Structures are given as structure tokens and as C-alpha cells.
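Worksheet for the structure shown next.
The values are calculated or read from the model by the stated rules, or taken from the named source; none is laboratory data. Every value quoted in this text rests on a predicted model; they were computed, and no experiment measured them. With ideal geometry, Cβ positions are generated from the backbone for all residues, glycine too; neighbour counts draw on all protein chains shown. Note: areas computed on protein heavy atoms with side chains; ligands, DNA, RNA excluded. Shrake-Rupley method; radii C 1.70, N 1.55, O 1.52, S 1.80 Å.
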Amino acid sequence: MTSRPDDDTRAAGAPARAVQRVPADHFGGPAGAAVLTLLVPAISFYLWAAVAQHGGQLWLPASVADLVAMVPAPTGRAALMFTTWMGLQVALQLVSPGKVVTGAPLADGARLPYRMNGLFAFAVSIAIVVALLATGTVRATSIVEELGPLLTISMLGAFALAGWFYAWGRRRGALERSSGNVPYDFFMGTVLNPRFGLFDLKLFFESHVGMGTWGALAVVLPAAELERTGSLSTSMLVVSVCQLVYIVDFFVFESNLLSMLDIIYENFGFMLTQAFLVWMPFNFTLQQQYLLESPTTLPTWAVIALFTLNFAGYVVFRDANLQKQRFRRDPSANVWGKPPKVLATKRGTALLLSGWWGLARHTNYLGDLMMAAAWCLACGFGSVVPYFYFLYFAPLLVNRERRDHALCKEKYGDDWDEYCKRVPYRIAPYLY
Ligand code: NDP
């Protein structure tokens, strides 16, 4: 560990970078970024209020006072919970064992080292949560009572963190993709990989904080139902078990994150600080928050059907991602027991035409969407609010596929057109 902030991503000995000015042209430019900086938090508060104050239903704010009233006031108890949890995550990041893995090459060719200790840290965190709940040291219902104040404190934390990273980027001689416009740079970020030695803050907040807190709430919310009613509803069980499988899978394959856009491309601005501190833990557990207020009992056939949908989705998602990884490591390795069909490209990296990648160009997204659908359907049809995850995620993946398509067209040129001809479906074979 170094004792001072070190976000220099250059290879040792490389010349100092010049300030990199970029046009403010994402998300509607400066005005769009300013609107999103207010709108995205408002969505999280609105959804929380829908569940906690409006019986799990959509609601129409009648006045500005209504909008203000949906923001819960922070409490001392919530502040203590928040700081204890964050302190635990920092301590676990520092002491947990884990392999040091080299990240994917960044735009300037540099490759950063990362300690991958998320699985260990998550296992210890969940063991602590379960022990505290099981021994009655902490009551799950007390945590749930503080969910609103925790949301506000987390949001304040996201603003503070984004402010810190903005100042961090501005302090440096070489800004990373800054537009010079304050609201835009605050939202998009001005620093790519803020870190203290091996302690990479973006990876830490995405993995330990974002996924880890989501996992902890996926345990606390069913525990609260158990405390309140003395039993666990089938719907709550389906949602939390399926989500925990997804989260554990994320930690098992944590190093995959290192090749994703969040880590190699996106600066660490408010868009990401709020995603990791607020959006993931609070909005991804809306289903359980809703079920706690509006319990739904699923018949056995529905439980079986939803587990089947979820685990079928999981197999598609995981197997598709593994097939691509294996193929990138060894292009001649068998796929589904047969030598792979391959499209050689002028770029040098071949494209796989077998297995999931021969059925559609992003079956991994299809798997993700099947799981999302299972988690939402488990909440029944009493409200659209618990469907938020699917309703936000489906357009996000459709858009992501379009962006990846454009990127691949740029990378592969005519070879990508040929691949698209051979594999015409984007996400779902024979459907889309
Ligand atoms: P992918 O893992 O689908 O990777 C896309 C890249 O794979 C392309 O740019 C190309 O890069 C390579 N590729 C494309 N087609 C082929 C082929 N036929 N053969 C070999 N390589 C190919 O993209 P993502 O990073 O978007 O997704 C990773 C996972 O994360 C997915 O399962 C997705 O569902 C999930 N995800 C989850 C989110 C969440 O919030 N839960 C959000 C976003 C993603 P190259 O050729 O340069 O290697």
C-alpha cells in the first residue's frame, strides 16, 4: 500500500499524460448530466417511498412537498449501521487474502494489478450478518426500519464520494477525459482508476460495496419476514435464493469484471458512485422490500417453474460467458463436445460460431434477462413496482447490445458483417 492517492495508470517510465479534453456529448451533454444527477436519486427515493409509504404501488406526487417528504431523514442509528458496514468492508478489503490479477490493457496500454478477494470478504460479511441475526444481537426488523434513512445516508455518501473523485481528477495535472464542464464532469467523473496502491476504489465499491451490500440485504429482508411473521414466504425464498446464487457467482468470477467497461473505460463519477452505493443495494432488492409489505405465497408449481426459469437462465448466462473465455484462451478447445466453428478475422482475434455464440450474438444477455424475469414474477401481479429490475434491465441490455455491436463493427469491419450474417439474432435465437 502506498500512503498517498495513486491513480496513475501509466506503465512505469511512460511520459506524463497531457490533459485529455473530451466533448460533453454523452447523456444529453451538460444539461442531461445535471438532470440525471437529480433524476436518478429521485427514482431511488420514489421507489423506496412506493413500497414504504404507498402500499407498494406507483404514486403521483401532488406537490413539491410530497417529493420532499419522500426523502427520509437520516438517523443516528442508520449512520452507525452505515459506518460500521463500510468500515467492515474496508477492513476486509485490506486483510482478506486473494490472488493479484493483472487487469485488461487500458486505452494507454497500461495494465493495473488488482487483489481479487471479494469472495472471501463476502463470505465473512455474510457469516457475520447471519451470526448477528441468529443470536439476536441485531434484529433484521431494526435494519429494515432504518432502510429509508440508510438510503438517504448512502445517497449523501454517493454525492460526497463523487465530489472527492471530481476534486481528485481536477487536482492532477493530467485529467482523464474531462470536458471542463462541472456538472458533466461531476456525473461522468474525471478520474479512471482512483487507488491507493493495490486498493482500487472503483473495484472495491462495485464489488465489495455494491454486490456485497446487495447480498447482505438479500439475507436481511427474508430474516425480517421471519421475525415479523414467524415464517418465510415462498416468494421471498425464491427471490433471495436466486439473487444470492447470482451474487456468489459474481464473486466466484470476480476477475471477469476487470475486462468490463465499468473498470476499463468509465471514469468514477456520480453515475457510478450512486450505482454502487444506492442503485444496486436498494433498487435490486425492491422485490424483497415489496414482499415484506405485501406477502405473496406462491403455489408449489410456481416455485418450481420460477426456479427452473432462473436456473435455466443461469446456465445460459454462465455457460455462454465461460465458452467465450475458454475460446479466447484456446480457440481450438471443443465447444459442446465438438471442435468449434470459427470465423477468422483480419483483426487477428477469431469469432466463435459454435455453442451459444452461434445461436445469437448475446445469449449471455438472454440468460441474465431470464433470471431477472424470475425474480420479478415471484412477486405476483399486484403491482408493477417489484418489476422495476426487469423494466430497467431489459432496455439497458438491448442498448448495451447495440453499443457492443457498433464497437465490434469498428473493431472487425467486414468480418463483423459476415459474423452477423452467419448469426443473425442479437439476443434471443429466432426472436430478436
Ligand atoms: P460480452 O461478455 O458479451 O462481451 C462482448 C465482447 O465479446 C465483444 O465486444 C467482443 O470483444 C467479444 N465477442 C463478441 N462476439 C464474439 C464471438 N462470437 N466470439 C468471441 N468473442 C466475441 O459483454 P458484456 O461485458 O456486456 O457482458 C458480460 C456479462 O455481464 C454478460 O453476461 C451480461 O449479461 C452481464 N452484465 C450484467 C449487468 C448487470 O447489471 N447485472 C450489466 C451488464 C452486463 P472482443 O472480440 O474484443 O473479445
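Miscellaneous remarks
- Size of charge dipole - segment 136-198 - debye, nearest 20, with Cβ of Lys, Arg +1 and Asp, Glu -1, no other charges: 320
- Exposure of Arg422 as accessible area (Å², to 10), given a probe of 1.4 Å and all protein chains: 120
- Note: relative contact order over the chain, using C-alpha pairs below 8 Å and six or more positions apart, is 19 percent.
- Residues whose amide H comes within less than 5 Å of that of Phe196, counting only those at least five positions distant or on another chain, are Asp6, Leu201 (H built at 1.01 Å from N in the peptide plane).
- Accessible area expressed per residue, the chain, with surrounding protein chains retained (probe 1.4 Å, Å²): 44
- Other-chain or far-sequence residues with amide H under 5 Å of Ile427's (modelled H): Arg361, His362, Tyr432
- Here segment 43-114 and segment 333-357 have alpha carbon centers that stand 40 Å from each other.
- Model label sites at Tyr432 and Leu58, defined 7 Å from Cα along the beta-carbon direction, differ in position by 1.9 nm.
- Stretched out straight at 0.36 nm per residue, the stretch from Arg402 to Lys421 would grow longer than its current Cα-Cα span by 5.2 nm.
- Two-decimal Rg to Rh for the chain - Kirkwood Rh, Cα set: 0.96
- Segment 260-275 - phi-based ³J(HN,Hα) in whole Hz, Karplus 6.51/-1.76/1.60, Gly and Pro as x: 8, 4, 3, 8, 8, 10, 6, 5, 8, x, 4, 3, 8, 4, 6, 4
- Amide H to amide H distances under 5 Å link Val342 with Leu353, where only residues 5 or more positions off or on other chains count and H is placed in the peptide plane.
- Subtracting the Cα-Cα distance of Val124 and Leu226 from their residue separation scaled by 0.36 nm leaves 34.5 nm.
- Distance (nanometres) between label positions extended 7 Å along Cα→Cβ at Val342 and Glu145: 6.3
- Judged by the ratio a/c of the largest to the smallest principal axis of the C-alpha gyration tensor, segment 130-233 counts as prolate, that ratio being 1.5 or greater while a/b is larger than b/c.
- Working from Cα pairs under 8 Å separated by at least six residues, relative contact order for segment 90-187 is 15 percent.
- Relative contact order for segment 170-226, counting Cα pairs under 8 Å that sit 6 or more residues apart, in percent: 19
- Estimated FRET transfer efficiency (Leu244, Trp301; beta-carbon r; R0 22 Å; 0.05): 0.45
- Accessible-area composition of the chain, carbon plus sulfur, in percent [1.4 Å probe]: 66
- When the helices of the chain are scored as -39500 (n - 2.57) per DSSP H run of n ≥ 4 and the total is divided over every residue, the value at 222 nm lands at -18500 deg cm²/dmol.
- Karplus-derived HN-Hα couplings along segment 109-121 (A = 6.51, B = -1.76, C = 1.60, θ = phi - 60°), whole Hz, x at Gly and Pro: x, 5, 10, 9, x, 10, 8, 9, 10, x, 5, 4, 4
- Here the gap between Phe159 and Thr102, fully extended at 0.36 nm per residue and compared with their Cα-Cα distance, gives a gain of 17.5 nm.
- Segments 351-359, 78-86, 329-337 sorted - mean Cβ within 10 Å per residue, highest first: 351-359, 78-86, 329-337
- Scalar couplings 3J(HN,Hα) for segment 178-188, obtained by applying the Karplus form with A = 6.51, B = -1.76, C = 1.60 to θ = phi - 60°, are 9, 9, x, 9, 4, x, 5, 5, 4, 6, 7 Hz; x denotes Gly and Pro.
- Accessible area (Å², 1.4 Å probe, nearest 10) - His405: 50
- Cα coordinate range in segment 341-432, projected on the principal axes (Å, largest first): 53, 23, 18
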